[in-house]
Amino acid sequence: MIEGTGLCLRPLGIDTHQEFVIYMRRDCHICRAEGFEVQTRVEVTLRDRHIIAKINVVGFELLAQEEVSLSTSAWRALGAASCDTIFHPSNRIALASALAASVRELLPNSMTSPSFQRKNHHA
């Protein structure tokens, strides 16, 4: 993606319960440039907040070419407002790091402690 080009957030009010989803048009410049497919997971950043969201491709009549939307849970998690601009992360290492951090948050504290890692490293 060209630095400085973003996508305007437009609320669609789609409730996916707790799943973070970003809705994009198939002809969106990010989808075309990156070759994103349905169900691809991407990092979405807005100001100082980050989420990992699944891409869903929507019809042309729902969003303009330079617009994207988020599920209501993703909208809340990012503290988004209509017409906020989001940018696609250009660093794939950042995505892997964010995904690893998300997985660590899901694990019980005992599994991420240094003593657990040392015990299981020798197993």
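Rule-based calculations on the coordinates, nothing more; no lab input. Keep in mind the model is a prediction, meaning the values are calculated, not measured. Reconstructed Cβ throughout: ideal geometry from the backbone, glycine too, with neighbour counts over all protein chains shown.
In the distance distribution for segment 7-90, Cα-Cα pairs more than 22 Å apart total 12 percent. Close amide H partners of ASP84, meaning residues 5 or more places away or on another chain with modelled amide H under 5 Å apart, are LEU9. Here the label points at GLU105 and ASN56, each 7 Å from Cα along the C-beta direction, are separated by 2.1 nm in the simple model. Of all DSSP bridge pairs formed entirely within segment 7-90, close to 60 percent run antiparallel.
Between ARG47 and HIS17, full extension at 0.36 nm per residue minus the direct alpha carbon distance yields a gain of 8.4 nm.
Summarising the label geometry, the points placed 7 Å from Cα in the beta-carbon direction at GLN65 and ALA81 lie 2.9 nm from one another. Remark: segment 7-90 carries a charge dipole of roughly 100 debye about the Cα centre, counting +1 on each Lys and Arg Cβ and -1 on each Asp and Glu Cβ.
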